[in-house]
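Notes for the one structure printed next.
The values are calculated or read from the model by the stated rules, or taken from the named source; none is laboratory data. None of these values were measured; they are calculated from a predicted model. All Cβ positions, even for glycine, are placed from backbone atoms using ideal geometry, and neighbour counts span all protein chains on display.
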Amino acid sequence: MASSPSAQPRRRGTDLTQGSVQKQLLGLGIFIALGVMMMMTTALADTYFVAQLGTHELAALSFTFPVMMVVTCVAMGLGTGAVSVVARAVGEGDREAVRELSTDAMLLGVIIVLVLSVAGYLTIEPLFTLLGAEPEVLPLIHRYMNVWYLGTMVQIVPQVGSAIIRAHGDTKSPSAIMAISSLANIVFDPILIFGLGPIPALGLEGAALAGIFARLISLVGVLSVMHFGMRSLAPISADAARIKASWGKLLHIGLPSTATQLVTPVSMAIVTKIVASAGTVAIAAYGIASRIEFFALIYIMAVSGSLGPFVGQNAGAGRMDRVQEGVRSAARFAVAAGALLALLLGVLAPAIVDRFTDDPAVMAVAVFYLRAVPWSWAPGGLVMVASQTLNSLARPLPASAINLMRSVGVTVPFALVGLWVGGIQGAFIGLALSALVVGVIGNVWMRRVIGEEIERRAQAPQPLARAAE
């Protein structure tokens, strides 16, 4: 007879079904935030070092960002699916299911990588021509992407593995691995780009190789934690039924999440186009303010991200009371942090923007943005909370619908109407109002789904988990 989930022996990770809900969410969020900051630091370092090579090289790197974004979105979507299904299996105490799902998720990641790499390699010329790359830049793009596609596997697979580790309640290990990998990337960049001693200067190829070597460190670290620390990998199976079942569960969450992730850069491009229509000053101010905004929002994003493993484990263990408490705590934090940040930026915006520009016109528009749009961060945080919670409860379609409303369905119309009514200031107010509308809808929808889940579980008790190995 299977033992209860709470009696199951747990390997490395954190049992998120016990202990203080608030402390667990904050603890998970801190390490997620550190990981995001390290990723941003690496991207800035890559841009800085490549810029030293020349304008054409920097332009070539800039053209590759949309392709990198697509690969990142695929990895994030698959990672979202992995967190949801693995965390619920961890909460159920079903060790065999955890091992099978983890292995099958990694295998799916490898297959997706191979498809993307081959397709990308064969379409470098037409794709980047379509994106507007000029003839003198295309050879440089070829040099970079020929190497970069070889290392796609060491980008997606570690991200999926990190998601699986987080599903066990361990955000420290992925963050530490990411920090080491990012520091290695920053060290490798100048050595491989400009050469050092017997190492020749490789230029753009060196930048791509630096990324591959750094992510190889991530791959080794992630696989080591999964195999030796968590014992969460099973032998690769040729059982078609098992693989079909595992991939079905993963893609049920992963496909809608990936589609939503891919829409986000499209939405950003549309909003950028709307802002640019107001002139050079507007787009320059938007560029400054939006980057400040991203840094300010890191911890709200991190705490909402911590709901993935938390809700998954507790839902799997049948602890819907803790799911409700965790969601309420994360929502309260998002609202409080968003309001506090809005107040602080209202006072500090001129001093912060002054660090980026001395153009009075640009400064005025950027300061207006940072005094208007941050009031949307509280309801925007509710959107993040709703999305993470719904995905973790295996309800990806409502999560995707809410994100699509935020990214395209509501944001773009509100920004356009605002621009028409009040110029660039009106567009920024439209962005803020759109977040308020979607935040309210998302919060109501999420609470309704949680209520339905509690009622469903009350009518059909969860089956006992299988005994641990």
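Before moving on, here are some points about what is shown:
- Contact map, region 40-69: first residue part of a helix (DSSP H, G or I), second residue polar (S, T, N, Q) and loosely packed, with under 15 Cβ neighbours inside 10 Å, Cβ cut-off under 8 Å, separation 6 or more or different chains; pairs are Leu58/Thr47; Leu61/Thr47.
- Residues within region 228-238 that are in contact (Cβ under 8 Å) with a residue 12 or more places away in the chain, more than 18 Å from Ser84 (Cβ to Cβ) and not in a helix (DSSP H, G or I), tallied: 6
- Against the test of being hydrophobic (A, V, I, L, M, F, W, C) and under 20 Å from the mean Cα position of the chain (by Cα), the options Val147, Val160 yield a single qualifying residue, Val160.
- Residue that is nearest to Val303 (Cα to Cα), among those in region 1-21 that are crowded, with 16+ Cβ neighbours inside 10 Å and at pLDDT 80 or above: Val21
- Residues that are at pLDDT below 90, farther than 15 Å from Leu61 by Cβ and surrounded by fewer than 17 Cβ atoms within 10 Å (Cβ to Cβ) occur in region 146-158; there is at least one.
- Residues of region 68-103 satisfying the condition of being of a type in the set (A, V, I, L, M, F, W, C) and under 16 Å from the mean Cα position of the chain (by Cα): Met68, Met69, Val70, Val71, Cys73, Val74, Ala75, Met76, Leu78, Ala82, Val83
- Close Cβ contacts (under 9 Å, 6 or more residues apart or on different chains) running from residues in region 100-116 that are assigned to a helix (DSSP H, G or I) to residues that are surrounded by fewer than 17 Cβ atoms within 10 Å (Cβ to Cβ) and of a type in the set (Lys, Arg) comprise Glu100/Arg242; Asp104/Arg242.
- Applying a threshold of 9 Å to beta carbon distances and a minimum spacing of six or more residues, or different chains, the list of pairs starting in region 208-223 at a residue that is surrounded by fewer than 19 Cβ atoms within 10 Å (Cβ to Cβ) and ending at one that is outside any helix (DSSP H, G or I) reads Leu223/Leu233.
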